[in-house]
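Notes to accompany the following structure.
The values are calculated or read from the model by the stated rules, or taken from the named source; none is laboratory data. Remember, it's a predicted structure, so these values are computed and weren't measured experimentally. Methodologically, a virtual Cβ is constructed for each residue, glycine included, from the backbone with ideal geometry; neighbour enumeration extends over all protein chains shown.
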């Protein structure tokens, strides 16, 4: 279980054109195919996935600290579109080709935005948050999530202000644990909660959250508002391959309420995998499959 966690092999920063700092963590060969990892809610890039397979697959995992999280300077008006602008600058500054992306949980809309802006060749959405504002999903939402979506629709600025007063790294960790399945019904020591609360994994996940909140709560709350608002890109217009990975035993109320079924109908070039034996931690438990399938979409000459 502890082989799921490997500290970053490299941590670097760059200065963006507007003088903000962008920070990221890396694993894998420096000349590998770049995979941009859009992390979950409130997380720095410290906790990666699939790191033991990167050399074998020839992949370079790059987990960028979104503005306001970790060591990246806050963006005064951060949106999903500004995230794409920052990422485009990162890609161009490092002359990256055949870029791929993975979006986990709240990282999903950030990965979708990269795809919608033509910055990546393919993406994998793993235990991803859906566009919960979409009319088809509203009847499926947990009441607490529905109230948040409605509150943001009515007054996003006030929602962000109020949420910033209560959000903490420890509180987000407890929320993640409370929404995670204890077991898979057959193997009582194999559920999401069992993995997340194992000593080394819990320490790594909590470190990513502590780093994510190290500049305060506003990096997280801004991401939350952006993720729960209507997205700026139209999923129906994304033509690059999209792999949707969900575990049928995922009990999180903030991921896709129908395990990606509506997403699959909206995306023109999609592969939809729902593993009946996995939960929300499928990012780590099936990491090699996720990465190998994602790499299959590019040809290297």
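Restricting attention to the stretch 260-278, the residues that are surrounded by fewer than 23 Cβ atoms within 10 Å (Cβ to Cβ) and under 19 Å from residue 139 (Cβ atoms) add up to 5.
Could you pull out the residue among 219, 280 that is farther than 19 Å from residue 124 by Cβ and in contact (Cβ under 8 Å) with a residue 40 or more places away in the chain?
Working: 280 fails: farther than 19 Å from residue 124 by Cβ.
After applying the criteria, what remains is 219.
Checking the structure you have, find out if any residue of the stretch 20-29 is farther than 23 Å from residue 295 by Cα, assigned to a loop (DSSP other than H, G, I, E, B) and over 20 Å from the mean Cα position of the chain (by Cα). Yes, that holds for at least one residue. Residues in the stretch 111-150 that are farther than 15 Å from residue 240 by Cβ and part of a helix (DSSP H, G or I): 138, 139, 140, 143, 144, 145, 146, 147, 148, 149, 150.
Considering only residues of the stretch 158-169 that are in contact (Cβ under 8 Å) with a residue 12 or more places away in the chain and in a helix (DSSP H, G or I), which is nearest to the chain's Cα centre (by Cα)? Per the stated criteria, the residue is 169.
For the stretch 74-99, taking the residues that are within 22 Å of residue 209 (Cα to Cα) and buried (at least 19 other Cβ atoms within 10 Å of the Cβ), the one that is farthest from the chain's Cα centre (by Cα) is identified as 75. Filtering the stretch 279-296 to residues that are surrounded by fewer than 18 Cβ atoms within 10 Å (Cβ to Cβ) and part of a loop (DSSP other than H, G, I, E, B) leaves only 296. Comparison of 42, 68 shows that the only residue that is part of a loop (DSSP other than H, G, I, E, B), surrounded by 21 or more Cβ atoms within 10 Å (Cβ to Cβ), more than 14 Å from the chain's Cα centre (by Cα) and in contact (Cβ under 8 Å) with a residue 40 or more places away in the chain is 68. List the pairs whose first member sits in the stretch 97-110 and is at positive phi, whose second member is assigned to a strand (DSSP E or B), and whose Cβ atoms are under 6 Å apart, counting only residues at least 6 apart or on separate chains? Qualifying pairs under 6 Å: 98/33. Taking residue 154 as the residue in question, decide whether it is at pLDDT 95 or above, under 22 Å from residue 64 (Cα atoms) and surrounded by fewer than 20 Cβ atoms within 10 Å (Cβ to Cβ). In short, no. When restricted to residues that are out of contact with any strand residue (DSSP E or B) (no Cβ under 7 Å at 6 or more places or on another chain) and either surrounded by fewer than 19 Cβ atoms within 10 Å (Cβ to Cβ) or assigned to a loop (DSSP other than H, G, I, E, B) (or both), the stretch 226-259 contains 19.
Identify all residues within the stretch 60-79 that are at pLDDT 95 or above and farther than 25 Å from residue 196 by Cα; write none if there are none. If you could, list the steps in order and put the result at the bottom.
Restricting attention to the stretch 60-79, the residues satisfying the condition of being at pLDDT 95 or above are 60-75, 78-79.
Matches in the stretch 60-79: 67, 72, 73, 74, 75, 78, 79.
Going through (1) part of a loop (DSSP other than H, G, I, E, B); (2) under 20 Å from the mean Cα position of the chain (by Cα); (3) without any contact (Cβ under 8 Å) to a residue 12 or more places away in the chain one by one, residue 174 falls short only on (1).
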